[in-house]
Amino acid sequence: MAKTIVVIGATGIQGGSVAANADQDDPASLIPAFPGAEAIFAVTNFWKPFYKKYEELSKQGDRVTSEYAAPIEIRRGKAIVDAAAEVLHDEGKLERFIWSTLPSFKKLSKGKHSYAYHFDAKAEITTYLQQEQKDLWEKSSLLNVGIYTTNVKEYGDSFGLKKKDDGSGEYIYHNASQNAAEYPFVQNLLGVSEAANLVTFFEFWGQVTGKKFTCEEVTVEAHDRARPGGLRREAAESMAYSAEFRLGDLVLPKDLDSNVKVTSIKEYIESEDWSEYK
């Protein structure tokens with residue numbers, strides 16, 4: 001007999017299937033979406049409220065936009081957790097609650113990296129799940145999704161290459177740390193497909209496209225000055241933290257099943273259109 005699986009948080013990358021209307025800002029609307037569910041996958045979107053107010057709030061300082069977006073994500077995440085816990089209590093059918101989360105860079109770095117709000121907000125929801133909804137926590141799994149390979153193209157200002165101005169045709173990647181952090185790159189949403197750093201990513205990119213590139217270390221502060229308002233700093237601090245502290249002990253798909261089919265970084269690059277890089 002088929003099981004009922006509810007996916008909430010249609011971000012376009014992690015989520016996409018819609019079976020019922022629910023508004024994360026209206027907790028009461030979440031309850032009708034969950035009854036009968038044997039598994040729930042949930043993710044919240046930090047970046048939608050962030051970009052909605054970025055042009056307005058970024059002029060007021062580096063933290064203002066993130067400090068606007070983070071409480072919205074936390075409120076929505078807690079509402080999802082509470083709704084799932086209520087359905088579990090009322091029905092007892094829920095077998096697994098899968099929460100797409102991230103570690104708190106501020107906490108793990110002891111305050112050194114405090115601008116990665118999109119990590120810290122999801123971690124706060126995880127803490128709430130663990131401490132305030134303990135019955136649901138017993139049936140929960142945490143999914144730490146890595147950097148999307150598509151970020152290099154979609155958010156080139158923060159993650160991509162810049163063409164040098166010297167006429168050489170060479171591209172340059174501005175790394176936020178002397179050490180290159182390994183990220184679990186995601187392409188087909190199996191959690192991770194391959195762990196590698198962005199320097200390795202661009203080495204594959206050069207092999208596939210025939211283009212040359214160099215890597216130059218640029219401080220977090222320099223990233224921030226290049227685009228004030230918090231967006232570049234948020235991305236740069238995330239990379240700097242990952243390089244220094246790593247992402248912890250995460251279980252990879254291959255650790256669960258060596259036969260899981262994933263898309264490698266090179267396979268993704270070979271499938272992508274890079275014609276804009278001339």
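Computed from the coordinates by the stated procedures, all read-outs in this text should not be read as laboratory data. Because the structure is a prediction, the values reported are computed rather than measured. Positions of Cβ are generated from backbone atoms using ideal geometry, with glycine treated the same way; all protein chains shown enter the neighbour counts.
Things to note:
- Scaling against 2.2 N^0.38 Å puts the C-alpha radius of gyration of the stretch 75-146 at 1.18.
- Inter-site label distance for Asn259 and Gln207 at 7 Å from Cα along Cβ, in nm: 2.8
- Footprinting exposure proxy for Ile147, Ile98 (fewest neighbouring C-beta atoms within 10 Å first): Ile98, Ile147
- Point-to-point label distance, Ile31-Ala195, nm (Cα→Cβ direction, 7 Å offset): 4.3
- Sequence ranges 210-222, 24-36, 76-88, 108-120, ranked by mean other-Cβ count within 10 angstrom, highest first: 76-88, 108-120, 24-36, 210-222
- For the pair Ala226 and Lys93, the difference between a 0.36 nm per residue extended length and the Cα-Cα distance amounts to 42.7 nm.
- The gain in end-to-end length when the Ser168 to Lys153 segment is fully stretched comes to 3.2 nm, 0.36 nm per residue minus the alpha carbon separation.
- Label sites at Ser114 and Lys48, each approximated as a point 7 angstrom past Cα along Cα to Cβ, lie 3.0 nm apart.
- Cα convex hull of the stretch 5-144 - mean projected area over all directions, nm²: 8.5
- Taking Cα centre as origin and charging only the Cβ of basic (Lys, Arg, +1) and acidic (Asp, Glu, -1) residues, the dipole magnitude of the stretch 5-144 rounds to 700 debye.
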